Ligand SMILES: C[S@@+](CC[C@H](N)C(=O)[O-])C[C@H]1O[C@@H](n2cnc3c(N)ncnc32)[C@H](O)[C@@H]1O
């Protein structure tokens with residue numbers, strides 16, 4: 001496994017739990033496919049190569065590479081990258097998967113598309129982290145390249161933060177096939193804009209439980225546009241869904257496509 005230098009262990013601390021275990025993640029997200037076509041088209045129209053930050057198990061990097069595009073996927077969780085490499089297999093040259101921290105990285109090359117998908121930008125837990133990540137991303141873009149983000153709208157996410165334990169999701173255990181059920185509760189702090197998901201996994205084959213916590217920072221399109229501008233990026237286009245619909249106050253998804261070139265219009 002190849003590790004990039006530059007980050008630190010503080011990001012790993014947040015993903016060192018069963019939610020970010022590669023095989024478990026893939027079982028849980030097996031039916032989450034509605035965004036793949038959008039990202040494949042974004043990669044095709046920008047001409048590659050593609051850098052996916054927080055690439056996870058390659059859910060998006062792998063189908064993009066299947067279209068003959070050179071892809072590099074970076075993720076801080078070794079278990080996610082292990083799973084991505086397993087799925088790619090030994091015979092394929094791309095994607096290249098690397099363990100690294102998206103907040104600070106240096107690959108020594110430039111890309112046609114740098115992307116952070118599936119609300120992974122929410123792992124940037126402060127303005128400082130976001131700025132550092134966006135500045136690193138900008139440094140890795142071709143002059144005509146695109147930096148793109150999709151992230152859930154805060155209003156949609158925080159509406160369910162009522163601190164009550166509820167059944168959340170279930171899936172078949174990747175090794176045993178037995179059902180894994182997950183309940184959780186969600187809390188939100190408006191001051192820090194941090195949303196905390198506490199989850200309790202029950203492994204039905206033996207009743208064992210395991211706990212996982214996911215901390216996400218909420219970003220509106222305006223928050224992101226301001227930070228992107230400070231990192232030398234300009235928001236060129238926005239969408240409110242993966243079919244290219246407009247971004248409105250009711251959109252549940254926010255998609256921002258940026259170019260190099262400093263503060264632009266706000267979305
Ligand atoms: C919701 S998953 C998305 C994975 C993948 N992009 C997808 O669409 O399925 C978020 C990913 O962000 C990764 N992550 C969190 N903090 C990170 C950091 N500082 N640098 C790189 N990856 C990070 C996690 O390990 C996890 O794989």
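The values are calculated or read from the model by the stated rules, or taken from the named source; none is laboratory data. Just so it is clear, the structure is predicted and the values come from calculations on it, not from any experiment. Here Cβ is always computed from backbone atoms with ideal geometry, including for glycine, and neighbour counts include all displayed protein chains.
A few remarks follow.
- Checking each residue in the stretch 62-87 for being near the ligand (Cβ under 8 Å from one of its atoms) and out of contact with any helix residue (DSSP H, G or I) (no Cβ under 7 Å at 6 or more places or on another chain) picks out only 74.
- Residue 188 being at pLDDT 95 or above, in contact with a helix residue (DSSP H, G or I) (Cβ under 6 Å, 6 or more places away or on another chain) and more than 15 Å from the ligand (Cβ to nearest atom): yes
Each row is one residue, and each column tells you yes or no for (1) assigned to a strand (DSSP E or B); (2) within 19 Å of residue 40 (Cα to Cα); (3) without any contact (Cβ under 8 Å) to a residue 24 or more places away in the chain; (4) within 12 Å of the ligand (Cβ to nearest atom).
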| position | (1), (2), (3), (4) |
| --- | --- |
| 131 | no, no, no, no |
| 135 | no, no, no, no |
| 142 | yes, yes, no, no |
| 145 | yes, yes, no, no |
| 151 | yes, yes, no, yes |
| 157 | no, no, no, no |
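- All positions within the stretch 20-49 that are touching a strand residue (DSSP E or B) at 6+ places or on another chain (Cβ under 6 Å) and within 12 Å of the ligand (Cβ to nearest atom): 28
- Matching option when the condition is at negative phi and free of Cβ contacts under 8 Å to residues at least 24 places away in the same chain, among 216, 220, 192, 167: 167
- Qualifying residue in the stretch 180-193 (condition: within 21 Å of residue 117 (Cα to Cα) and either touching a strand residue (DSSP E or B) at 6+ places or on another chain (Cβ under 6 Å) or assigned to a helix (DSSP H, G or I) (or both)): yes
- Subset of the stretch 120-129 (residues that are within 11 Å of the ligand (Cβ to nearest atom) and either part of a helix (DSSP H, G or I) or touching a helix residue (DSSP H, G or I) at 6+ places or on another chain (Cβ under 8 Å) (or both)): 120, 121, 122, 123, 124, 129
- Qualifying residue in the stretch 86-94 (condition: in contact with a strand residue (DSSP E or B) (Cβ under 9 Å, 6 or more places away or on another chain) and in contact (Cβ under 8 Å) with a residue 40 or more places away in the chain): no
- Selection of the stretch 229-267 for residues being modelled with pLDDT of 95 or more, over 20 Å from the mean Cα position of the chain (by Cα), buried (at least 16 other Cβ atoms within 10 Å of the Cβ) and in a loop (DSSP other than H, G, I, E, B) yields only 232.
- Identity of the residue in the stretch 159-173, in a loop (DSSP other than H, G, I, E, B) and in contact with a strand residue (DSSP E or B) (Cβ under 9 Å, 6 or more places away or on another chain), that ends up modelled with the lowest pLDDT: 160
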